[in-house]
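Notes follow the structure.
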Amino acid sequence: MSMLNALVPSGVITGDDVLTLFEDARSKGYAIPAVNCTSSSTCNAVMEAARKAKSPIIIQVSNGGGAFMCGKGIKDPNSAAAGSVALAMHVRSVAKFYGIPVILHSDHCAKNLLPWFDGMLAADEDFYNKYGEPLFGSHMLDLSEEPDDENISICVEYFKRMAPMKIWLEMEIGITGGEEDGVNNEHVDPEKLYTSPEQVWAVYEALSKVGDMFSVAAAFGNVHGVYKPGNVKLSPERLGKHQEYAKKMLNVSIPKPIFLVMHGGSGSTDEEIMTAVKNGVVKMNIDTDTQWAYWDGLRQFEKSNRDFLQGQIGNPNGADKPNKKYYDPRVWIRKAEEAMIARVMVSCDKLGCTGHYEPTVDEPAYSQLGTPKKMPSPVLLMAAGALVGSAATMMFKVVGK
Ligand SMILES: [Zn+2]
């Protein structure tokens, strides 16, 4: 496999690098997981997963996620933008330590949330003026609840503002069912859950006049969240029809002219995912499954250490034994992170993007709290012993000087 390293740098990428990455994904037939993050902890877990999977990754923040990042105690209309910017700044500060390419993206923005979008764009413009690139690499506008004409014209207006900074635009046409982040589409007309090739083409025609850095989240029966099977039928083969139609209209030979995005894929089969990717899906959103994983990591930790988590002092080993090593947030949050890391890696595998990027930093042998991930080999232990030994010698030398 030819590695992506020659094409895009590690760290937060924007502009041409984002386009190059999506073109690579489209031509080689893989998609990049876009994981919703709400904290520095979840951002770090996602980047660590990408490093372990040797994969590029997308970190995305929703309006509610941004507000959470700002703080649940803040009731200010600008808190979602401020928190989204804070999350992006955190990733900007630490991404280089993970050694893989990261796209910063914002999730669904409906019409009533446009002030949030404006706030992030203002931060992008500010960042651009200082550093020559936007803060985020990509944003999503979701005006799919509005009539198509209005949806497309608002997207065009925003895209014109984003294009000079080379910010990617993801837009939605057709509706993703289910419930996510306070948007409830559980009772929408089922026909609206499937976008037609003509609708997708109308988007392509309008946006391509402004630039080529955009993708379409076309609905093919997708539902946010996990529901019992049988509620809706996922039809990823419909995405191939969008490509065929656009190809015919454009009279071009490239097989997949449109960059597509998959939402509401929790609970879908591997085969459905692969069909979607084969038909030009370059980004798949992951939220519900990683939410569960994060919780499940904590749940299992609490279950196996319950007797050590009932008070600051006193456990089965003695009434005077301290429990700080169990309730320190770095211990139990780390367990949540580890479970989330494993789940993100599963998504990298399912989407075929594992192994495309050689991390520019080495995988550490030990986790940050110093507990070995696996039992290290005797050779490693000897090497560690030698290192400790030489460090002790050095210290002795410094002290003795
Ligand atoms: Zn979505």
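Some values worked out for this structure:
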item	result
Folded to 0 to 90 degrees: helix 237-250 orientation relative to the chain principal axis, Cα	50
Per residue, in Å², the accessible surface of segment 4-351 once ligands and nucleic acids are set aside, probe 1.4 Å	43
nm² value of the averaged projected area, convex hull over the Cα atoms of segment 4-351	18.7
Segment 156-299, dipole about Cα centre (Lys/Arg Cβ +1, Asp/Glu Cβ -1), debye to the nearest 20	580
Volume of the Cα convex hull of segment 235-340, divided per residue and given in Å³	104
Net lengthening on full extension, residue 156/residue 325 (0.36 nm per residue, minus Cα-Cα)	55.5 nm
Helix-derived mean residue ellipticity, 222 nm - over the chain, DSSP H n ≥ 4, -39500 (n - 2.57), to 500	-15000 deg cm²/dmol
Dipole axis of the chain (+1 Lys, Arg; -1 Asp, Glu on Cβ), positive-most option in 63, 29, 163	29
For segment 82-181, Kirkwood radius (reciprocal of mean inverse C-alpha pair distance, Å)	14.4
Segments 209-222, 63-76 sorted - mean Cβ within 10 Å per residue, highest first	209-222, 63-76
Estimated dipole of the chain in Debye, rounded to 20 [Cβ of Lys and Arg +1, of Asp and Glu -1, Cα centre]	1900
Long-range amide H partners of residue 210 with built H, under 5 Å	none
Carbon/sulfur fraction of accessible area - the chain, other protein chains in place, 1.4 Å, %	58
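The values are calculated or read from the model by the stated rules, or taken from the named source; none is laboratory data. Computed from a predicted structure; not experimentally measured. Don't worry about glycine lacking a Cβ; one is built from the backbone with ideal geometry, like all the others, and counts go over all protein chains shown. Side chains included, ligands, DNA and RNA excluded: accessible areas come from the protein's heavy atoms. Shrake-Rupley method; radii C 1.70, N 1.55, O 1.52, S 1.80 Å.
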